[in-house]
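The values are calculated or read from the model by the stated rules, or taken from the named source; none is laboratory data. The structure presented is a predicted model; accordingly, all values stated were derived computationally and were not measured. Cβ placement follows ideal geometry from the backbone for every residue including glycine, while neighbour counts extend to all protein chains displayed. SASA here: full protein model, heavy atoms, side chains in, ligands and nucleic acids out. Shrake-Rupley method; radii C 1.70, N 1.55, O 1.52, S 1.80 Å.
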Amino acid sequence: MTQKKDALLYVGPATLFLFLVILVPLGFVAWTSLHTGDSWSFAAYTQLFESVLFRRTLWTTFEISILASLGSLLLGYPVALHLARVSARKRAIYMVLVLIPFWTSILVKSFAFTVLLGRSGMVNTFLSWLAGSPVEVPMLFNRLGVMVGMTNYLVPFVVFPVLASLLAIDRSLYQAAEIMGAKPPRIFFRITLPLSLPGVAAAVLSTTVMSMGFFVIPALLGGRQDVMLSNLVDFYTRETLDWNMASAIGVILLGIVTIAALGVDRLQKFGARPRTAAV
Amino acid sequence: MSKPVTALPRRRFLQASGSTMLAAAIGAPMILTSKTSRAAGRLVVVSWGGNYRVGVEEALAKPFAKEFGVEVILIDTPDLAKVKAQVMTKNVEWDVFDVVGPMGFTGSKNGYWEQLDPALFDSKDLIAPVTKDMVPFYGFTGGFCYDSKKHPEAPKTWADFWDVKKFPGRRALRNRASETLEVALLADGVPADKMYPLDIERAFKALDRLKPHVGKWVDQTPQTVSLVQTGEIDYSYTYTTRVKAAQEAGQTIDFAFDENLIGLEYLAVLKGAPNKTNAMKFLQFAMRPENQAALMNHLANTPASKKALEMVKPDVRKWMSNPGNPKHVVSNDMWWADHYDDVSRRFKEWALT
């Protein structure tokens, strides 16, 4: 009983704070999405699912989020793998290199990318120099530009959880595998990769969920077809002042993210069972 | 009350104090803000940032504070969504709002502005009529810009802008229906004085033709010029004020003055503004010809006061368009107020396909 009381003392204030700053506004958003004029209705939702604009944007949001998440995983996993192998001192130094871009403002980075990726930007200038003839790879104001900007932002969010699960692997497993004569690729696929999967799942989930709410990068680096749900929310909130629709999109987005989170949670629990038995 | 406080059951005490604190926590910000902003001699003006802010501060805010003894607080970026939130929750913190035409009329339709007394302004001196709740502040000039070093033989009209054979290169337009539909119709040969009501079908057909050649549909205004500076775009829709700033920074950016779109900027007072009397004084002050001229020396837009035009410095005056020129389109904000939502949505859908 006293333990329960203690817990309440520690957790209570934060819970109350979160309740105020998250649940109350969230409730208001849900209420706004269902309240047209003076009555309750699902009009905003039915209108959204009939709208070409919304359906296309929803699809684009999925596409971009999943691609960006997988792209960051491909780039971030080797980084985490390397960080896990070096000594603790070196790791601390390399970690700074991961953290600096992570701390840089997303707006600053997006504007920097327009200079780098432009028609006569640094990358194209370099490619032209390599090829010996003018090269103009379109990298800006299209899907590629959005991908570069987003993966740049998301890589640290892959490195941290994957590194954590790599570091948690028992060293003696590697030694045992080596003694039994396993070659490095086999060790990677039989030990490292499976045991890092919880970190991978966490990374994929958090990057996908984060991508779904991206706003600045698609607006600055994307083309006309790279409109994401948050850009649509902005359009309904500030341009047409239709908060009914904007709230409905917000609720749908929240729903999708919740389902994704619950799904990954299940997956993780399911994956954890046989592994513990094997170890 | 005969019971001592200690006899109060603990749970009830916690409940009571908790709910008081909760109420205080929710209510405190509102009480605090409304109290401070209601203090005498204050005025909150929402205006645009950057150089614009400097202009408003020097030409209007400081002289106004000196003359009336009112402290003027400038806030950047007028956002109609925030106005809606303030008026809706009856927690108004802003007084004066500097607003673009279509946005202003939307606010007017929704009842976000205080009524204005027309006697405050010299209506004969203004380039556009004072509405029931907004006064025209100045006109801004939209057209297209290009790098004159890269393109010495530049396009002059919107028909040229659409002519990708004669003037090859990438274009940039705004990612919104207003302004973009007008220039599309100009390019398609609609005379400036027959622009409204807009022939939407015809405008989208004209836009279809240019679509493959548009490299960027711009959301952020600074990009309209910066993309030309970096050579990403050859011809971009932009405003005279942006080109003037680029030229002053030593760039070879030029502006086509032949066919322009003139949009109107308005001043309005928020409904329930805490410093309403000062706000009305500020509107009147901002519309005095000498103050208009002083502000336009900074902003290089076209003053709404005709008398002010002659008082503006000659080197600034060359950047101003004449709303009386029959080749220029003056944006019809009343039309946009009625059609903005539908046409905007259609424009977004069109852009995605």
Output for region A:63-271 (equivalent-ellipsoid semi-axes, sqrt of 5λ from the C-alpha gyration tensor, Å, descending) is 35, 26, 14
Delta accessible area of at least 40 Å² on complex formation, residues of region A:39-55, 1.4 Å probe, chain isolated as reference:
A:53
With springs only between Cα atoms under 10 Å, which of A:95, A:212, A:180 fluctuates most in a Gaussian network model of chain A?
A:180
With every protein chain left in place, what is the accessible area of residue A:11 in Å² (1.4 Å probe, nearest 10)?
90 Å²
Distance from region B:148-186 to region B:111-140 (C-alpha centre basis), Å
33 Å
Tell me, which residues of region A:200-240 get at least 20 Å² less accessible area when the other protein chains come in, versus the chain alone (1.4 Å probe)?
A:219, A:220, A:224, A:225, A:235, A:236, A:238, A:239, A:240
Solvent-accessible heavy-atom area per residue, rounded to whole Å², over chain B at 1.4 Å:
46 Å²
Rg followed by Dmax, in Å, when the protein assembly as shown is reduced to its Cα trace:
29.4, 96
Once neighbouring chains are kept in place and the probe is 1.4 Å, which whole percent of the accessible area of the protein assembly as shown is contributed by carbon and sulfur?
64 percent
Over region A:1-76, volume per residue of the alpha carbon convex hull, in Å³
185 Å³
Using only DSSP helix segments of four residues or longer, with each worth -39500 (n - 2.57), what per-residue ellipticity at 222 nm results for the protein assembly as shown after dividing by its residue count and rounding to 500?
-18500 deg cm²/dmol
Sorted by chain and then number, the residues having a modelled amide H within less than 5 Å of the amide H of residue B:48, at least 5 places away or on another chain, are B:77
Hey, quick one: spin label on residue B:132, modelled 7 Å out along Cα-Cβ, who in region B:104-122 has an amide N within reach, i.e. under 14 Å?
B:105-118
Residues along region B:226-271 losing 50 Å² or more of accessible surface when the other protein chains are present rather than the chain by itself (probe 1.4 Å)
B:232
Viscosity 1.567 mPa s, temperature 4 °C: Stokes-Einstein D of chain B from its Kirkwood Cα radius, in µm² per second?
58 µm²/s
Over region A:24-183, with the other protein chains present, what is the accessible area per residue in square angstrom, probe 1.4 angstrom?
58 Å²
Can you compute 3J(HN,Hα) from phi for each residue in region B:207-212, using the Karplus curve 6.51 cos²θ - 1.76 cosθ + 1.60 with θ = phi - 60°, rounded to whole Hz and x for Gly and Pro?
5, 4, 5, 8, 3, x
Tell me, how many Å apart are the Cα centres for region A:39-92 and for region B:232-297?
40 Å
Find the sum over both chains of the accessible area lost when A and B are paired, probe 1.4 Å, and report it in Å² to the nearest 100.
2900 Å²
Past 19 Å, Cα to Cα, is the threshold; run B:166/B:211; B:62/B:124; B:66/B:307; B:84/B:271 against it and keep the listed order.
B:62/B:124; B:66/B:307
